[in-house]
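In what follows, a structure is listed as structure tokens, so that the remarks can point back to it.
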Amino acid sequence: MFAVACSDFIRRTRDSAVRTGKLLQNPRIKITDVTAVMSRPPPDPLFILRGSGAAVNTLHFCCGGDGPPFLYSGSGKGAIHVWNLTTRRAEHVLESHAGNSVIWLHTFKDSSSLISQGRDMRVCVWDLSEDRSTVTDSLLTGSVGFSQCSLLESRPGSALLAHPTEHMEEVSVVDMRSWTPVCTLKPDSKLGMLMCMKMWQADSGPVLCAGYEDGSLVFWDVSHRRPFSCLKAHPEPVMCLDVDVCRQKGISGSSEKILQSWTFDDQQNLQMHDSVQMTNPGVSQLCIRADGKILATAGWDNNIRVFGLKKLKPLAVLQHHTDMVNSVAFSDHQDPPQRLLAAGSKDQRISVWSIYSES
Amino acid sequence: MGSEVRMQVCSCLRTLSSSRDSGEIVHALRTLTRYLEDDEFTRLHYTRALQVLVSAQSSHWFNRSRGDDDEEEIKKLWDEIFLRGPPDQTLLLLLDTISSTGACAGLERCVSVLEKFLSTGRLQVLLWSRCEGGGSYADTPQLREIIIGHLAALPSITSNHLHTNTPDAFLPQQYYSLLAASILDTLEKTCHALRAGRDCSLGFVAQVLGKVCIQGYSSQIFEILAPRLSSLTRVDPLWQRVTQRLLENVPERCTECVITGLIRCLSGATAASRLMGNLVLTNKKAQFVLTHKLLLQQYQHPTRLVKSVLGYLALDPERRMLLKQVLRSVCQVWCNSSAVKHTSVEQQLYVSKALLLCVALLTDSEIQELRQEMLQCMLGGVQCRLDSNIVRIRRMGMAVGECLSHKLDTPGSQLKFQYEPDEEIRELKALMESPSVADDDDDEEHQPDASSSLQPEPKVQGSAGRSVTSEPGRGSDSELDSDDDLTPYDMSADQEKKESSPPRYVRDCLEALMSSDDADRVELSLQVSDSLLRKNVKATQEVSVQFSKVLLHLEDRFNTPRFHSLRQNAMVALTVTDIKPVVDYWTTEFYSLNYNLRQRLDILEVLALSAQELSEPIRNKHTGAQPITAATAIERCDDITHWRQIVEKRIQSKTRRISKGATQPVKAVPNCYAPVAGFFFFPLLRNYDRSQVTFDLLGSDHLVLGRLLHTLGLLMHLAINAPVASQMGRALLDFVWVVRFHTDQMVRRGVMFAVCAVFLSMPSENLLTELGDDLMETRAWIADVAENDCDADCRSLAVQSLILLDKNLKSQLQIPDTET
């Protein structure tokens, strides 16, 4: 299974390398398309953050605190950049994970600590307060898969972390305070490798939604260590998913052209809801904005796509990057007009956009 | 008795003309008023009395200050005499007076009394007087003619003399409406009289109607008459008889105008049938107009009229004979190949419509009876239309062929063509779908209702409009759960990513186009070839001819999007990058063996586009792309400015300017085309008369000939101000002379276009020497085309070239004038 997944990954990487730099952009607008002529042109990026020195794998905003708004980015060479969005400069560069690729970053709400996941099979917790940059804790997960971790802060001071393990299909949940394993979730049937997951707090307790290599989604009851429901959402591996908890709705992307949305009820039963066709296949990551109005996808075709969440209406195609986009993130600004969208690409750049932020 | 009346009248008139005492005048007028009832007075003395009144009042009556009572009294009596007497005499006298007197107070009185005459319904009295009693009214034919003439031409007579002072009531729109109302009134009285068992004659009314129509006011009069008659005849058979009688009595020379005007204003075939009855069977002239003239000779009428005419013929079993006869003659015209060549497109469309409408009205048994004729018509007509070079005619032929075949053939063996239907074709096809005559009776039903109840109608419309506008509002409310509040951005740039990469070198590109079986690669190569060829001038020049050959033979194997324009762009890029060898190649291949028409047309298009691009004024941007030609051109340009400056200075120093308002001629700017225009132009003229096995320019391949002429014209025009222009012009005129009477419209258009280009681009002094002896003949030929050609484009181009030629002539002939 692992060999298959690896060769698949390598092939994809190679394909995208072939695409690199040879992108054919047709600048001519089709005059026949009346709506295209009438609608406004897509916006340009607000600014570009350059200098990460390697492909940007993951992004995380931290704009809620008293200080200046920050954007954390993890690069393919193990560097974590802390970008100050006011000055648009990198304030710190943390060398981490022994030069291995950083695949996931997250901050804690209360303290100025950062958690990062790397390809060296480790998860590290960083203390960044008072200009420190030291690793305070680290956990060896043993995972060589694609899945990013998921962090759930239920109460201040106590947090659960879901991480992949050395068993490819397994999720392990640990209590962050004591680093004690809470449970491991392993599907009974063969669904293949774990691809992506998201954990959140439901009324009944912590819930986790995981996407697997065969295109299935599984809803896990973390406290009882059993699946609520399972849904075969895609024919291809689920590359990414995000959930709007308030509207009980989620979106998943795959390596094909379809973006699939699904809903779940109070009994956590998953149901297919809607789907939308994109021009080019492949989504690396997708992200729903906190207000649940729009979502953005990071496409293998170098484009960022924006959709309305309710009906998956295509809203914009943002073309800037010259290589595949690895990550998208919406900022957590309190003030709606300040909300930003950031996208990190394999072309080593991070583009920052302001789109549909007025309302 | 008679003499007593005369005596009395004479004395009254004498008083009126001489007396200055208002009492006497009032008395005399009263006496005359009393006599208005008297038959002898109205017959013998009335006109005389009116004359005296008109002349007397103009001289002195109303000018003096007098008691108000008397003046009022005189005015009243005066008007009364005019308005109560025999209307024919009054009308004639008033009109004569108006047309013979100059502007004065008397004229004003006449005009105002004529206005009253019209408004008090004296026209009805006049018409009815000629109607009642079965036409026993004893008029001499001349008098009758004069009255009819005056009745029909009142607006012209009055406005000729009153000019801008003409009252509104005399303007055609109002007057003819009034006349129409009077006619209706008279017809109504006739109906009453007939019911009462009295005789009536409609001859006079019919003559008036005919006269009005022949003077061109049929639409004004029938706008009122037709709808009313249509609704009246629906319920009353007597009205039908009266109307039919009226139409029968219309003089023969007016029949056409009356019938055309009537049918144009009627709403359908059933109405026409009610109003005209079997007029078409009894009246030869009407038959000719309805079955021949309206359908085959004229073509300006709306489709509705053709529908009405044919529907009218189809409604009665006796008239159906005529319908079949019409079908035969329309078929004959439609399949006549000379008619296709020599009539205008609009007329062909009209005949096609008539044919389809006719076929739609026939029953199955009738179609079987006429099958042979229709089949022949279809085959011949479609064939000669498919031969035409005009797209519109070809399409029309295909559409009509399909429709006929639909009626004639069994479902399996029907004709089916491939074409894009446009508005015109859809209209043609729709004609086949509404054959039943009864249909239009329904929408006709609404019309009288609408006209009879004008008041409530707008309200109904208003409320309907309101309800319509309120509906979408409700609709949008229900759509709560959508992303509509977010307006999407333009997403047209979102296109599929290509797997393979475009070639980066000219030779790679050539390779891909030559041998690749990969659709993506061919498409990418085509897409980049334009920019690639222009960027890499050196590399392009090495392989230009080979590349041209590949492109010329390239076929759209993979159904590549925008294949033709991409290929054409690449060909143009080649031509402008390496001008001489590539142009040589194109012009040689144009006349060589084994090319299809498309390829030859492609060559012409590419030559024209390249010449156009080269003829753009040189800008610095272009120098990179075309180093050699640009460099020489810039040298020349320096030369020219230098030379021109010197000449300009000399002229300035020698001339005294009287006015500075003279228009400056368009300045000649150096371009890349002028030095190479000959390469483009002359080889194309080399072999036109040498027919090949696969290519016969002067024979069947007239499509290419037409395009060749257009291209040559364009090449000529772009060479304006070039030194070689005179030679080109002479050669082109020689060539054009050979084919000027070509039967194909496209070719003739090309000829006229080329002539225009020559007149426009050739220096005028050279033009005159070149034309020399042929000048008058050429001019006569162009004038003939401008007047008689059946193609509208040809005519307008000919007019244009005539203007250009005359302008050239004038500018040449003026030079000796200014010198002397």
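The values are calculated or read from the model by the stated rules, or taken from the named source; none is laboratory data. It should be emphasised that the depicted structure is a prediction, and the values quoted were computed from it without experimental measurement. No Cβ is skipped: glycine too gets one built from the backbone with ideal geometry, and neighbour counts run over all protein chains shown. Accessible surface is based on the protein model in full, side chains and every heavy atom, while ligands, DNA and RNA are left aside. Shrake-Rupley method; radii C 1.70, N 1.55, O 1.52, S 1.80 Å.
With respect to the numbered conditions (1) of a type in the set (Phe, Trp, Tyr); (2) away from chain B (no Cβ under 12 Å); (3) within 29 Å of A:GLY64 (Cβ to Cβ), which one is the sole condition not fulfilled by A:TRP262?
Result: A:TRP262 passes all but (3).
I'm told A:LEU312 meets every condition in (1) open to solvent by 10 Å² or more (accessible area, probe 1.4 Å); (2) at positive phi except one. Can you identify the failing condition by its number?
Answer for A:LEU312: the failing condition is (1).
Confirm whether A:LEU295 is open to solvent by less than 10 Å² (accessible area, probe 1.4 Å) and over 24 Å from A:ASN57 (Cβ atoms).
no
Say whether the condition of being away from chain A (no Cβ under 11 Å), modelled with pLDDT under 85 and surrounded by 15 or more Cβ atoms within 10 Å (Cβ to Cβ) is met by at least one residue in segment B:476-494. Steps first, please.
We begin by selecting, within segment B:476-494, every residue away from chain A (no Cβ under 11 Å); these are B:476-478.
Next cut, modelled with pLDDT under 85 only: B:476-478.
Applying the additional criterion that residues be surrounded by 15 or more Cβ atoms within 10 Å (Cβ to Cβ) yields none.
No, segment B:476-494 has no match at all.
Restricted to segment B:192-218, and to residues that are under 42 Å from the mean Cα position of the chain (by Cα), over 12 Å from B:LEU247 (Cα atoms) and among the hydrophobic types (A, V, I, L, M, F, W, C), which residue is most open to solvent (accessible area, probe 1.4 Å)?
By that ranking, first place goes to B:ILE214.
Within segment A:201-210, is even one residue touching a Gly at 6+ places or on another chain (Cβ under 7 Å) and open to solvent by less than 10 Å² (accessible area, probe 1.4 Å)?
Yes, some residue in segment A:201-210 is touching a Gly at 6+ places or on another chain (Cβ under 7 Å) and open to solvent by less than 10 Å² (accessible area, probe 1.4 Å).
For segment A:277-304, enumerate the residues that are within 8 Å of another protein chain (Cβ to nearest Cβ) and either under 17 Å from A:LEU340 (Cβ atoms) or basic (Lys, Arg) (or both).
Correct list: A:LYS293, A:ILE294.
Within the bounds of segment A:185-194, is there any residue that is farther than 25 Å from A:LEU139 by Cα, buried (at least 16 other Cβ atoms within 10 Å of the Cβ) and at pLDDT 90 or above?
yes
Give me the pairs, please: first residue somewhere in segment B:244-265 and within 15 Å of B:ASN278 (Cα to Cα), second residue anywhere and assigned to a loop (DSSP other than H, G, I, E, B), beta-carbon distance under 6 Å, and either six or more positions apart or on two chains.
The qualifying pairs are B:GLN244/B:GLY277; B:ARG245/B:LEU202; B:LEU246/B:LEU202; B:ASN249/B:LEU202.
Looking at (1) within 11 Å of chain B (Cβ to nearest Cβ); (2) crowded, with 21+ Cβ neighbours inside 10 Å; (3) among the charged types (D, E, K, R), which one does A:LYS346 not meet, given that it meets all the others?
Going through (1) within 11 Å of chain B (Cβ to nearest Cβ); (2) crowded, with 21+ Cβ neighbours inside 10 Å; (3) among the charged types (D, E, K, R) one by one, A:LYS346 breaks only (1).
Is it the case that some residue within segment B:225-237 is at pLDDT 90 or above and under 26 Å from the mean Cα position of the chain (by Cα)?
Within segment B:225-237 (the criterion being at pLDDT 90 or above and under 26 Å from the mean Cα position of the chain (by Cα)), the answer is yes, since at least one residue qualifies.
Please list, ordered by first then second residue, the pairs with beta carbon atoms under 6 Å, 6 or more apart or interchain, first in segment B:276-291 and more than 12 Å from B:ARG319 (Cα to Cα), second open to solvent by 50 Å² or more (accessible area, probe 1.4 Å).
Correct list of pairs: B:LYS285/B:GLU252.
Scan segment B:499-527 residue by residue and report those that are of a type in the set (Ser, Thr, Tyr) and either closer than 18 Å to B:HIS553 by Cβ or within 13 Å of another protein chain (Cβ to nearest Cβ) (or both). Break it down stepwise before answering.
Step one: filter segment B:499-527 for residues of a type in the set (Ser, Thr, Tyr), giving B:500-501, B:505, B:515-516, B:525.
Within segment B:499-527, B:SER500, B:SER501, B:SER515, B:SER516, B:SER525 meet the criteria.
Can you pull out every residue in segment B:501-519 that is closer than 26 Å to A:THR279 by Cβ, open to solvent by 30 Å² or more (accessible area, probe 1.4 Å) and among the hydroxyl-bearing types (Ser, Thr, Tyr)?
B:SER501
Quick one: how many residues across segment B:159-194 are modelled with pLDDT of 90 or more and out of contact with any helix residue (DSSP H, G or I) (no Cβ under 9 Å at 6 or more places or on another chain)?
Selection size over segment B:159-194: 1.
Any idea how many residues of segment B:380-423 are part of a loop (DSSP other than H, G, I, E, B) and among the acidic types (Asp, Glu)?
4
Just one of (1) part of a strand (DSSP E or B); (2) surrounded by 19 or more Cβ atoms within 10 Å (Cβ to Cβ) trips up A:VAL93, so point out which.
Answer for A:VAL93: the failing condition is (2).
Which number in (1) within 27 Å of A:ASP203 (Cα to Cα); (2) out of contact with any Leu (no Cβ under 6 Å at 6 or more places or on another chain); (3) of a type in the set (D, E, K, R); (4) crowded, with 16+ Cβ neighbours inside 10 Å marks the one condition that A:GLU169 misses?
(2)
Do we find that A:ASP332 is more than 14 Å from chain B (Cβ to nearest Cβ), under 19 Å from the mean Cα position of the chain (by Cα) and assigned to a loop (DSSP other than H, G, I, E, B) in this structure?
When the stated conditions are applied, A:ASP332 passes them.
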